[in-house]
Amino acid sequence: MQKRLGSRLAILAGHRTLRVVSTVVAALGLYVCLQTANTAAEPATGPHDPTDDYGEFLARPEELANVSVNRIARSLRLHGTAVKLGKTVYDQHCAACHGADLKGIPAQHTPDLTDSEWRFSGDDFESGGLKKFPSDVEWTVRYGIRSGHENARGAEVNMLAYYPEFRTKEDTDDFGDAKFLTDEEIADVVEYVLQLGGQQADRAKAARGDKLYHDNTKGNCADCHGDDGTGIDTFGSSNLTKRNLYLYGSDRASILESIIKGRRGMMPAFDDKLKPEELKAVSVFVFSRAATK
């Protein structure tokens, strides 16, 4: 009896082993077939690129249209799509003026977009406008600077020409056609600006220029550039203590020309040139490349 039972158990064990082996062989065969099918279906251009898919961690571009740029910048899936699309938009619409590397083009007087200095920006109440957000960039991209759009940055602020013949009609209407400073006084202000930027300057002239710079009945430069010369972001005025931020040159002749002729830089509005998702994407892309304070 025990021998027959042992024989049956041995036979059953053998059948189970055979079934397991058969299952493994079948599974291996299926795997090989699937691998062969996948290899055959793979495009001739190369292996599959997962970034071409829109899954859980990658938003579709059109999703950006109805989300604020500040929210996009805080989301992994939205930010990833925005940066990718934004670079394409930047290369097509912005690089010609700001450079392929976003460093600005001196000959075109465009600013470096990779530093922490942002003209015409600052809407954060808590920091008094010092803290910047992607929405600061978006506003400028959307409406431009002195573009003619009703919401354009700098529409009511530009650098006044101290020679009346170079003033715009609006500035002449606002400030008249009088010459506020003599040529000698303008030369003194130039020396003071050179001094502010850490350059060699005539000390006696710079001392006189200092008074004119802060005199609101004469030079009155402090109103736009600040008492300490560091500029006012919301006005878009230059930080005179940093020569690399002078868009029109920081040498003596260039500073003199800026004071005599004034400066009125312009950037077009892209509100009617870009799709909503493109406008937001390029704003996030540019902000992502900038240094932060």
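The values are calculated or read from the model by the stated rules, or taken from the named source; none is laboratory data. Predicted model only: the values in this text are computed from it and were never measured. A quick note on method: Cβ atoms are made from the backbone with ideal geometry, for glycine too, and the neighbour counts reach across all protein chains shown. Remember, those area values only see protein heavy atoms, side chains included, never the ligands or the DNA or RNA. Shrake-Rupley method; radii C 1.70, N 1.55, O 1.52, S 1.80 Å.
How far is it, in nm, from the label point at residue 76 to the one at residue 156 when both lie 7 Å from their Cα along the line to the Cβ?
Going from the residue 76 label point to the residue 156 one covers 4.5 nm.
As a test of reading the structure, rank 69, 83 by solvent-accessible area (1.4 Å probe, protein chains only), most first.
Putting 69, 83 in descending order of accessible area: 83, 69.
Using a ≥ b ≥ c from the Cα gyration tensor of region 153-239 (square roots of the eigenvalues), is it rounded, prolate or oblate, where a/c under 1.5 gives rounded and otherwise the larger of a/b and b/c decides, a/b for prolate?
Judged from the Cα gyration tensor, region 153-239 comes out oblate (a/c at least 1.5, b/c at or above a/b).
Give me the percent of the accessible area of region 159-293 that comes from carbon and sulfur atoms, probe 1.4 Å, all protein chains in place.
Carbon and sulfur together cover 50 percent of it.
May I ask you to list the aspartates and glutamates whose Cα is less than 17 Å away from that of residue 211, ignoring any residue fewer than eight positions away on the same chain?
Leaving aside aspartates and glutamates fewer than 8 places away in the same chain, those within reach of residue 211 are 183, 184, 185, 188, 191, 202, 223, 227, 228.
Take the Cα atoms of region 116-201, build their convex hull, and give its volume per residue in Å³.
146
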